[in-house]
Structures are given as C-alpha cells and as structure tokens.
Amino acid sequence: MIDLKALTIEKTHEHFKNGDFTITDLVNAYLDVIKEKNKDINAYLEVYTDIKEQIKNAEEMFANGTSTLMTGIPIALKDNMLFTGHTVSAGSKILDGYVATYDAGVVKQLKSKGAIILGRANMDEFAMGSSTETSAYGVTRNPVNRDYVPGGTSGGSAAAVAMDGALVTLGSDTGGSIRQPASFCGVVGMKPTYGNVSRFGIIAMASSLDQVGPMGKTVRDVEILYNAINDHDTDDSTSIPNELRIKKDKLKKVIGVPKDFLLSDGINKEVIKNFEESCKKLEKEGYTLVDISLPLIKYSLAVYYIVMPAEVSSNLARFDGIRYGQSAPADSIYDVYAKTRGAFFGKEVRRRILLGTYILSHGYYDAYYNKAVNVRELIKAELAQVFEKVDAIITPTVPFPPFKFGEKLKDPIAMYMSDLFTVPANIAGVPAMSVPSGKTEEGLPLGLHIMTAHFQEDILFAIGKDFENALKN
Ligand code: GLN
C-alpha cells in the first residue's frame, strides 16, 4: 500500500499518470487527516465545498493532455487570498463573512494549473504577529508538539503541511511570516523576490514588503509550487516583467556568515549550536563559508517596525464599516468608523494602526518615516555589495525555538524579536527560505535561513537541496 500523504509532488504526478490512484483517492486521504486532526490543531478555518468540481477539472486536464505538475495536488491558501465566491477573513472579525468577488493572481495561476484548493488556513489577524495567537478565530497548535505555537503569521499554512493536511500551501511574508512558521513546524518555507509573485487580490498588510510564497515538506516541492505561481501580472503594478528578472549564471559555492549579527543579544544557545552544525554540513557539501560584515543589518528590525506600521495604517483605512465586512451600529458617520474599528479590530492591529498613524503625522514624518526609508536604502546597498562576493547569506531562521502559548503575547517587543533574521530579506526585497535543520533536545524544530540576491531563486533552491541532502547523511 502506498502512503498517499508521504509522496512528493513529482512522485504523485507519476502515480497519477500511471493510474495507480485517482485524484479523489489522494484528496480523500488529506481530507481524512483534516477531519481527524483539525479540531485540535485548527490549521484550517474552512474546508471548501467545491472540491469535487475542482477534481473534475483536474481530471479533464489529465485526459486532454494539459496537465502540469500541480494538477490534482491538494493545496491550502492562507486566509488573506481572494478566491471568487469563497469566504476570506484575514483572521479578523472585521471581515467576518466577507465573500471574495474576484480571484487573487496566485489563485488564478493555481486554477489554471488544476491544483485542488482544499480550504483556507488560519493566520494572525491581518498578518500581524509571530504565533497565530492574534487570529480572531482561535489559535493554531504546532503539530510537532501541540503545547507550542506553530509560529506566524502563516501558522495555519505551516501546520497544514506539518500535520499532513495538504501537500503544499501558500503563505504570505511581510517580515518572516512564511519562514518563521516553516521553521517552527519543521517544514520548508520560501519568500520570493519582491515583485516576482503577484500581490493582486491579497489582503494587503504593508505593500512594499508583502510577498506570497510556497510552503511544503521538501525544497523541490516548494520550488515546483513557486514555478507555478511566479509570473508577471499586469493587475499588480509592482509585479516585475519576466524579462527583467536577470539570473546569475553560476553557483560559486561561497556562502557568507554574518558573525557580528549572530552575536546579537537574546539568541538561544541551542539555536547557535544547531547553526554551527549546519555550517559544517554545508562545508562537507563543498561550500566555502566566509565571514562577512554587515554593520547596518542590525537596524533592519527598527526600520521594519517604522515602515510596516506606516503602511498598515494606510492599508487598513479601508476597513471603515462601510465598504467591507462588519459594521457596528452607530448614530453618526464618525461613530460608524470609530465603533466598527474599535469593536472588530484586535489589539495588535489597533496598536499598529496607532503607531503608523503617529509615524506618518505632521512633524514626525521626517523624523521617523523618512529616516527609516533612507536607512532601508543603505541596508539594501550593503547587502547588494556582499552579494557580489557570495551566493548566499545564512543565519538561523529564528533566534529562539518554538515557544509556548501565552509566553510572548503580552510582551510585543519579545514577540517582534522573532523577526530579527527574517526581516532583512523583506527590507531589501530579496528571496529567502527556511529549511529544517534539526531539532532541540526537547524535539522542537529549528531552521536554517538562506538568503540570496534579487532574482536568484534558482541558487536559493540549489543550496536548499544540497543542505537537505547533507542533513540526511
Ligand atoms: N512577525 C512579523 C510581524 O508581526 C511578520 C509578519 C508578516 O510577515 N506578515 O509583523
């Protein structure tokens, strides 16, 4: 008997072609797991009711020779991706019951390739958080150990893969929201170059930082899903035309390690030890590791927590009780805004709107926002210079292992520390990926963070695969 959920996308595709099992068999295997585990794990907020029709379309693609590697592959969306006729809430009460009226760019791609979209996965409210605890629809539990958070904000997408509730999933990443939960749940998660994947129809958090990306059990599965969704989209003004995505020709097999950055305060000892072991494994695979100095990178987190809330305060202005979702009863137009936003936005979202509005206010705009934007350019330039010499920069994905529920929720700064190593890739717009790198003594997953220059996704996947192999040996 074949364990249907243990197969990679390529293996599954082969079996489909050989007629060893049907798409319905595969989908049912995943749906059975969801039925069994989701009550407790809460990775999915909803399983869609039109799966049978989707399967029919995929079967037709096999029958008429238009199938792709993604045809018939069960996938979940993060709850901030629009899928016509389906509910979408961004993990927020303010959008409770909102039904999408058009397809996100990535959903269009998945549909045209015949993927089976099983449902939508839980997330921190409006993608703000690092633990999926800020979702208005309950926490998601880490399938590896249910006493621990799955990370966030794409915690539902990561947990869905880790619990065998989907073969691959999509997440979104503004400061680490794909890579950090991937690391916490022991799966692979990748954030593409800014502009490589369409943001059209994704509920925006911070538009200059947001990117959609793939999650899965292997680097190759993640690569296949990335290949299926990365394309120029004229509906997204920041989407980069394919011909401008210039790739370097060859892997030099040189990787930079930012030693000073790794000595930052608050980095867990087990994380450092695991990272040192990862470095040795890459050296065994024939990579040369060199010390690099990135004196400005330590300002990334500060820049992020200025630029991001500023963009959040603008983007979330549209949730006014009139245009979308919920509306609180009120006597005046002002009260419609105030009461709706007060009642239906959670605490973290309100904190960031307040912070962002303050940052953008007259008198503070220059001192905070403009300064952050300038430092952002300097960080980008610093990274670009280093990428002249190295293929990639590696660090741990998160400064600490998965934590327990409630441990960091009351202390925003401690929660924000989750993003230390992941945020620079969003600040600079470069691609980055987390690959499982082993476990703590307690058996909690850890991840290696690999970052490459703009458009060098191929190099990222190549290094990721070498690392996966090294880990097996
Ligand atoms: N943890 C980060 C934050 O809270 C990242 C969020 C994200 O990438 N969407 O902002």
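Just so you know, all these numbers are worked out from the coordinates, no wet-lab data involved. None of the values given here were measured: they were computed from a predicted structure. Cβ atoms come from the backbone with ideal geometry, glycine included; neighbour counts cover every protein chain shown.
Taking neighbour counts of Cβ atoms within 10 Å as a proxy for exposure, in what order, fewest first, do Ser437, Ser293, Ser208 appear?
Ser293, Ser208, Ser437
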Q.
Output needed: percent of Cα pairs per 10 Å distance bin for region 384-447, bins running from 0 to the one holding the longest distance.
A. 17, 43, 30, 10, 1
Q.
Can you tell me how region 113-158 classifies by the Cα gyration tensor, rounded, prolate or oblate, using a/c under 1.5 as the rounded cut?
A. oblate
Q. If R0 is 35 Å, what FRET efficiency do you get for Thr440 and Lys250 from their C-beta distance, rounded to 0.05?
A. 0.45
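Quick one: order Cys279, Cys185 by neighbouring beta-carbon count within 10 Å, fewest to most.
Cys279, Cys185
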Q. Using alpha carbon centroids, what distance separates region 1-53 and region 379-402, in Å?
A. 36
**Q.** Full-extension gain in nm, Lys410 to Arg318, via 0.36 nm per residue minus C-alpha separation
**A.** 30.3 nm
Q | GluC sites (Glu not before Pro) lying in DSSP loop within region 432-466, provided at most 15 other Cβ fall within 10 Å | A | Glu441, Glu442
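For region 317-386, which trypsin sites (Lys or Arg not before Pro) are both in a DSSP coil and crowded by at most 16 other Cβ atoms within 10 Å? The partial results should precede the final answer.
Working: sites: Arg318, Arg323, Lys339, Arg341, Lys347, Arg350, Arg351, Arg352, Lys371, Arg376, Lys380; in loops: Arg323.
Here the sparse-neighbourhood loop sites are Arg323.
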Q.
Antiparallel versus total DSSP beta bridges in region 37-122: what percent is that, nearest 5?
A. 45
Q) Using a ≥ b ≥ c from the Cα gyration tensor of the chain (square roots of the eigenvalues), is it rounded, prolate or oblate, where a/c under 1.5 gives rounded and otherwise the larger of a/b and b/c decides, a/b for prolate? A) rounded
Q. So between Lys347 and Leu378, what do we pick up on full extension, going 0.36 nm a residue minus the alpha carbon distance?
A. 7.9 nm
Q | Length gained when the stretch Ala328-Thr8 is fully extended (0.36 nm per residue, less Cα-Cα span) | A | 110.5 nm
Q. Of the trypsin sites (Lys or Arg not before Pro) in region 213-276, which ones lie in a loop per DSSP and count no more than 13 other C-beta atoms within 10 Å?
A. Lys247, Lys250, Lys252
Q: Can you tell me the FRET efficiency between Tyr365 and Glu388 if r is taken as the Cβ-Cβ distance and R0 is 35 Å, rounded to the nearest 0.05?
A: 0.55
Q.
I'd like the per residue volume of the convex hull spanned by the Cα atoms of region 136-215, given in cubic angstrom.
A. 92
(Q) Is the C-alpha gyration tensor of region 69-124 telling us rounded, prolate or oblate? Criteria: a/c under 1.5 is rounded; beyond that, a/b larger than b/c is prolate, otherwise oblate. (A) prolate
Q: First obtain the Kirkwood hydrodynamic radius of region 201-321 from its Cα pairs, then insert it into the Stokes-Einstein equation at 10 °C and 1.306 mPa s, and state the resulting D in µm² per second as a whole number.
A: 85
**Q.** Projected-area average for region 309-433 over all orientations - Cα convex hull basis, square nanometres
**A.** 10.6
**Q.** Estimated distance in nm for a label pair at Lys52 and Asp458, the labels positioned 7 Å out from Cα along Cα-to-Cβ
**A.** 4.5
Q | Inter-label distance, nm, simple model (7 Å from Cα along the C-beta direction), Ser293/Tyr358 | A | 3.6
**Q.** Computed [θ] at 222 nm, deg cm²/dmol, the chain (DSSP H ≥ 4; -39,500 (n - 2.57); rounded to nearest 500)
**A.** -11500 deg cm²/dmol
